[in-house]
Amino acid sequence: MMEINWVLLSVQVATFLVAMVIIWKLFWGPLTKFMQERSQQIEGDLKRAETGKREIEAMEAEYHRRLSELEERAQQEIKEALARGAQAKDQIMIEARQEAKRILDKAQSDLTLERERLLRELRSHMTEISLQAVERLLGQGLDQNVQKRLLDQFLSDLEKVRPGA
Amino acid sequence: MSAIPEGIEYHLPIDLSLIMSWIAVGIIFLISWLGVRRMAKVPKGMQNFLEWILGIIMQFADDMVGPTAPQYYPLFCMLFFFILVSNLMGLVPGLVSSTSRLSTTAGLALIVFFATHFFGIREKGLWNYVKRWFGNVPTWLKPFMFVIELMSELARPLSLSFRLFGNILAKEILLGVLALLVVIFLPSGNIIQECLSVVPIVLRPLIILLGLLVSVIQAFVFMILAMVYIGGAVSHEAH
């Protein structure tokens, strides 16, 4: 019981060592390798999940950034369009005013010319009528120069009394 | 004749403790085979149990030995399983713990002793390994330190083997004595002795429970001490 049997001890040691090698090679070694591979796989999955999460967060941030950029750009373009619209409106108004002024000026010019033409015609007719009236009154013809001088004087008097002249 | 009263005389040509060691190895073989025959990523049953135990042992080894621990996993795992199964076998009537024999426990302690120094020398080299026994003391104290360290190293296998042997033998003797008391008292015809036989009948299951606890603790202590010794030998940290 208390004594050591060295032969028995040696066989026990050999039994232990041989069993250790066989059991480790056949069972525990593959099992521990399997456990390590599983741990590594789980760690890999967790890392991939973490990476995926970070990528999604980055994509979300990028999405929000682009969205805000687009919103800013849209606002800018709306402002620019409004400004361009206002500028075009002003330009159109200016051009319309200029056109209106041009038309008005032309109309006034035409009117002036027409009035002058009419006045000239009127003057001519008046002259003829007056001469005819004078000829009838006098019953005789006047000297051409006298007729002309009388006519101009008459017209001159007539212009003085013409309203708006 | 067996020194343990409960022990059965098998009259075998081979020492009983050796046969019990072989049975223990067979049980470990069977448990391991059941654990790994259908390995699944989600472990169940015996695989789960085996992974749990091996995981604990490897974690302790990593903590105590350091990065080189994986190469010592087989020794630590086998020490724990062999001692645990051997210890528990003593609780089964008709079987004997091989660890209740000094030859067995001394063999295990010598394995740890030689493994410690072999791995230590392999890791550090002979001179660096021996140098640590002289300690960081003045030169004139170094020889004394060497003697003290040498005695400490030699005491380790003694303490390892006698601790395990004493605990397991005590448990077996206690169980045997209680069984013997029942056998003696119960059929004695003496009313007092018959009444007294109740005591070992009640005590024996409790001692078996205690034996269960002792078996696990002793296996654990032996393995942890082996880790401490080997970890100390292969570690490059200052002592």
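If you average over every viewing direction, what projected area does the convex hull of the Cα atoms of the stretch B:47-135 give, in nm²?
Numbers: hull surface 31.0 nm².
Directional mean of the projected Cα hull area for the stretch B:47-135 stands at 7.8 nm².
Averaged over peptide A:29-38, the number of partner chain Cβ atoms lying within 10 Å of each residue's Cβ comes to 5. Solvent-accessible surface of chain B, taken per residue with a 1.4 Å probe and all protein chains present: 50 Å². Considering only A:VAL11, A:VAL146, A:VAL134, the mean-square fluctuation computed in a Gaussian network model of chain A, springs between alpha carbons under 10 angstrom, is largest for A:VAL11. Shown is the FRET efficiency for A:ILE103 and A:LEU82, computed with R0 = 35 Å from the Cβ-Cβ distance and rounded to the nearest 0.05: 0.70. Relative to the dominant Cα principal axis of chain B, helix B:142-185 is inclined by about 10°.
Rounded to the nearest 500 deg cm²/dmol, what is the calculated helix-only ellipticity per residue at 222 nm for chain B, with -39500 (n - 2.57) per DSSP H run of length n ≥ 4?
Details: 8 runs with 175 residues, N = 239.
Rounded to the nearest 500, it is -25500 deg cm²/dmol.
Cα-Cα pairs above 40 Å in the protein assembly as shown: how many percent? Everything past 40 Å amounts to 54 percent.
By its C-alpha gyration tensor, with a ≥ b ≥ c as the square roots of the eigenvalues, how is the stretch A:30-161 shaped: rounded for a/c under 1.5, else prolate for a/b larger than b/c, else oblate?
Values: a/c = 16.53, a/b = 11.28, b/c = 1.46.
Judged from the Cα gyration tensor, the stretch A:30-161 comes out prolate (a/c at least 1.5, a/b above b/c).
Solvent-accessible area of the protein assembly as shown (1.4 angstrom probe, protein heavy atoms only): carbon and sulfur portion equals 67 percent.
Take the Cα of B:VAL137, step 7 Å toward its Cβ, do the same at B:SER188, and the gap between the two points is 5.7 nm. In chain A, taking the dipole from charged Cβ atoms about the Cα centre, the farthest positive-side position among A:GLN91, A:LEU8, A:LEU104 is held by A:LEU104.
What net charge is computed for the residues neighbouring A:ASP90, neighbours being all others with C-beta under 14 Å from the C-beta of A:ASP90, Lys and Arg scored +1, Asp and Glu -1? Cβ neighbours under 14 Å give a net charge of +2. Taken over chain B, the percentage of Cα pairs per 5 Å bin, counting from 0 up to the bin with the maximum distance, is 1, 6, 11, 14, 14, 14, 11, 9, 7, 5, 3, 2, 1, 0, 0.
Computed from Cα atoms, the angle from the helix B:73-89 axis to the main principal axis of chain B rounds to 20 degrees.
Axis of helix B:102-124 versus longest Cα principal axis of chain B: the two differ by about 20°, to the nearest ten degrees. Overall form of the stretch B:116-170: oblate. Here a/c, set by the Cα gyration tensor axes a ≥ b ≥ c, is 1.5 or more, and a/b is not larger than b/c.
If the only charges are +1 at each Lys and Arg Cβ and -1 at each Asp and Glu Cβ, what is the size of the charge dipole of the protein assembly as shown around the Cα centre, to the nearest 20 debye? Don't jump to the answer; show the numbers that get you there.
Numbers: 40 positive and 40 negative charges, 80 e Å.
Rounded to the nearest 20 debye, it is 380 debye.
Taking K and R as +1 and D and E as -1, what net charge do the other residues with C-beta under 14 Å from the C-beta of A:LYS53 add up to? Mind dumping the intermediate values first?
Values: positive: A:LYS47, A:ARG48, A:ARG54; negative: A:ASP45, A:GLU50, A:GLU55, A:GLU57, A:GLU60.
Combined, the nearby Lys, Arg, Asp and Glu give -2.
The residues of the stretch A:30-161 expose, per residue, 85 Å² of accessible area to a 1.4 Å probe. Mean partner shielding of peptide B:81-94, defined as the number of other chain Cβ atoms within 10 Å of each residue Cβ, is 1. The separation of the stretch B:143-184 from the stretch A:53-111, counted between C-alpha centres, amounts to 99 Å. Rounded to the nearest 20 debye, the dipole magnitude of the stretch B:16-234 is 380 debye, with +1 charges on Lys and Arg beta carbons, -1 on Asp and Glu beta carbons, and the Cα centre as origin.
The values are calculated or read from the model by the stated rules, or taken from the named source; none is laboratory data. Just so it is clear, the model here is predicted, and its values are computed rather than measured. Cβ sites come from the backbone with ideal geometry, for glycine too, and all protein chains shown count toward neighbours. Heavy atoms of the whole protein, side chains included, go into the accessibility calculation; ligands, DNA and RNA do not. Shrake-Rupley method; radii C 1.70, N 1.55, O 1.52, S 1.80 Å.
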